[in-house]
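Visitor: This is the structure I have questions about; it appears just below.
The values are calculated or read from the model by the stated rules, or taken from the named source; none is laboratory data. The structure presented is a predicted model; accordingly, all values stated were derived computationally and were not measured. Note: ideal-geometry Cβ built from the backbone for every residue, glycine included; neighbour counts use all protein chains shown. Each accessible area value is taken on the protein alone, full model and side chains, heavy atoms only, with ligands, DNA and RNA left out. Shrake-Rupley method; radii C 1.70, N 1.55, O 1.52, S 1.80 Å.
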Amino acid sequence: MGEERIHFDTDPSRYRHWRLAVDGPVATLTMTVDPAGGLRGDYELKLNSYDLAVDIELHDALQRLRFEHPGVKAVVITGGLDKVFCAGANIQMLATSSHAHKVGFCKFTNETRNGIEEMSKNGGQVVLAAVNGTAAGGGYELALSCDEILLVDDRTSAVSLPEVPLLAVLPGTGGLTRLVDKRHVRRDLADVFVTKAEGAKGRQALEWGLVDAIAPPSTFDELVRMRALDRAAASDRPDDADGVVLGPLERRHVVVDVDRGRGVATIVVRAFSSLLESLEACRELDGTILDLRFNEPDIGTWVLHTEGDPDQIAQADAEISGEGWLPREVRLFWGRTLKRLDQSSRTLIALVTPESCFTGTLAELALAADRTLLLDDGETSLLFTGVNDGSYLMANGLSRLETRFWGRDDELATARSLFGKALTADDALAAGLVTAAPDDLDWDDEVRLLLEERASFSPDALTGMEANLRYPGPETMETKIFARLTAWQNWIFQRPNAVGPEGALQRYGTGARPTFDRRRV
């Protein structure tokens, strides 16, 4: 590939861009980006602008707040530079990165922002943005993902989404959708705001609903402290529980084999028998998905296997389904990881074989797959339980079981009636829970032909097809961000008006105005 491999494992001792401080029930994440700490050396991360390296650290810090700091009940995200909260995604990085990297970067950033919203809504850790300077583009989008936005009213600090007027692209991490869907900003005012490069300050930002509160510099820190403590008081997180340290990944539960000749990655998830083992398996699967997304772009098909004793999964799932902050966080983490699998632009094929343990949580892999094949030998089976019916929701707000049988209520009821029963080929086929069930004479040929057929299709067409088919049912803010917004942004990022030699991204900062093709397409 000719590019250095991107690594997603990090820890606070290696952070270059974020400072994490915990004071009782409130944690503060301070963004102080090292200009020389980008993923590549051909741009500088000035003015707290960010690239993937910055967001990898943010993702890691948020994970650690969830698991290592159970007593934290409110999280404040703020800027560490004078007069700057965050200037958004680095323009030079966007101008010089490949299209595939830009897409992957925006997708990962979106997933991290959605995770922030989940912390506030479901995790008992409300996240507040203390915008103590200018928040532009992705910087304001970071604030928009928080539960509250507090803006310093110093006559210079502003919030803005200047991508349309300055860069000829869209805010790439949900800014447009969150303005109107989440903050309920009036549509015409949102139109004015998004086409006004300088954005909005103080009183106007508050009146338009772009922020939740403002305060002058003299009382801003006190406003932030009081709002954080007030929100922390309503949390159900424990005061004195021990956290779980997220050490280096040991890769004990997830094994990957990449066949570059066929364009196939085989992912094997091994059985786990306890809550903490489930957490480790989830961490490993999450890291595997990210590694394959960014470092193996030519591998278009992921074959999902499981291996081990189904009873162990049932034992772990009993703990996952329990009460308390830790089981809840493990459930939420599996939910985020499975969504990351859904949102990966890869063909997903699940193969159920005699050594499999597609049970409960791991049966979600079979439901997530575009096709699931089960060996018809009279013994090989898969088993669904209550965790497959609401513990892990997709972006559309439905379980994967409900999504599979969208509009087919009788079949959904039949599938639910089979919870707890080991389903061999005849039962699984009759219930519509697998795609096909070849016998042992045909199995190898059927799998081979399926993989060869998939490799013969256009990857672009497959990406569009799979994304359309995976999300029947209602549209949510999350599906809008990953479908409507991301699709448009991906298209716009290839248009000459943005990335051509006279496009806005290429001419930004040069003093020369971009040249636009005025035709609407």
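Visitor: Just a yes or no: is a residue in the stretch 57-66 under 30 Å from LEU276 (Cα atoms), open to solvent by less than 10 Å² (accessible area, probe 1.4 Å) and touching a residue at least 60 places away in the same chain (Cβ under 8 Å)?
Guide: The answer is yes; a qualifying residue exists.
Visitor: Going through GLU4, GLU44 one at a time, which residue ends up being modelled with pLDDT under 95, part of a loop (DSSP other than H, G, I, E, B), out of contact with any strand residue (DSSP E or B) (no Cβ under 7 Å at 6 or more places or on another chain) and acidic (Asp, Glu)?
Guide: None of the other options fit; the residue is GLU4.
Visitor: When the residues of the stretch 333-361 are narrowed to those that are polar (S, T, N, Q) and part of a helix (DSSP H, G or I), which ends up nearest to ARG454 (Cα to Cα)? So that I can check it myself, show each step before the final result.
Guide: Of the stretch 333-361, the ones polar (S, T, N, Q) are 337, 343-345, 347, 353, 356, 359, 361.
From the residues that got through so far, the ones that are part of a helix (DSSP H, G or I) too are 337, 361.
Values: THR337: 24, THR361: 27 Å.
It comes out as THR337.
Visitor: Still on this structure, please answer the following. Can you confirm whether the stretch 474-484 contains a residue that is part of a helix (DSSP H, G or I) and among the hydroxyl-bearing types (Ser, Thr, Tyr)?
Guide: Residues of the stretch 474-484 that are part of a helix (DSSP H, G or I), as a first pass: 477-484.
If we keep only those that are among the hydroxyl-bearing types (Ser, Thr, Tyr) as well, we get 479.
Yes, some residue in the stretch 474-484 is part of a helix (DSSP H, G or I) and among the hydroxyl-bearing types (Ser, Thr, Tyr).
Visitor: Here's something else I'd like to know. Could we say that GLY503 is at pLDDT below 90 and in contact with a helix residue (DSSP H, G or I) (Cβ under 8 Å, 6 or more places away or on another chain) here?
Guide: Spelling it out, it is not the case that GLY503 is at pLDDT below 90 and in contact with a helix residue (DSSP H, G or I) (Cβ under 8 Å, 6 or more places away or on another chain).
Visitor: Mind checking which pairs have a first residue in the stretch 15-27 that is without any contact (Cβ under 8 Å) to a residue 40 or more places away in the chain and a second that is among the polar types (S, T, N, Q), Cβ under 6 Å, 6 or more apart or different chains?
Guide: ALA21/THR28
Visitor: Sort out which residues of the stretch 479-494 are open to solvent by 40 Å² or more (accessible area, probe 1.4 Å) and in contact with a Ser or Thr (Cβ under 9 Å, 6 or more places away or on another chain), and write them in order of number.
Guide: The one that is open to solvent by 40 Å² or more (accessible area, probe 1.4 Å) and in contact with a Ser or Thr (Cβ under 9 Å, 6 or more places away or on another chain): ARG484.
Visitor: Condition (residue is open to solvent by 60 Å² or more (accessible area, probe 1.4 Å) and farther than 29 Å from SER381 by Cα) applied to the stretch 422-441: is it met by at least one residue? Break it down stepwise before answering.
Guide: At the first step, the residues of the stretch 422-441 found to be open to solvent by 60 Å² or more (accessible area, probe 1.4 Å) are 426, 429-430, 435, 440-441.
Now narrow it down to the ones that are farther than 29 Å from SER381 by Cα: none.
No, every residue in the stretch 422-441 fails to be open to solvent by 60 Å² or more (accessible area, probe 1.4 Å) and farther than 29 Å from SER381 by Cα.
Visitor: May I pose another question? Give me a count of the residues in the stretch 182-224 that are surrounded by fewer than 16 Cβ atoms within 10 Å (Cβ to Cβ), touching a strand residue (DSSP E or B) at 6+ places or on another chain (Cβ under 8 Å) and of a type in the set (Lys, Arg).
Guide: Qualifying residue count, the stretch 182-224: 2.
Visitor: Could you say which residue among LYS102, LYS121 is touching a helix residue (DSSP H, G or I) at 6+ places or on another chain (Cβ under 7 Å) and either open to solvent by 20 Å² or more (accessible area, probe 1.4 Å) or not in a strand (DSSP E or B) (or both)?
Guide: LYS102
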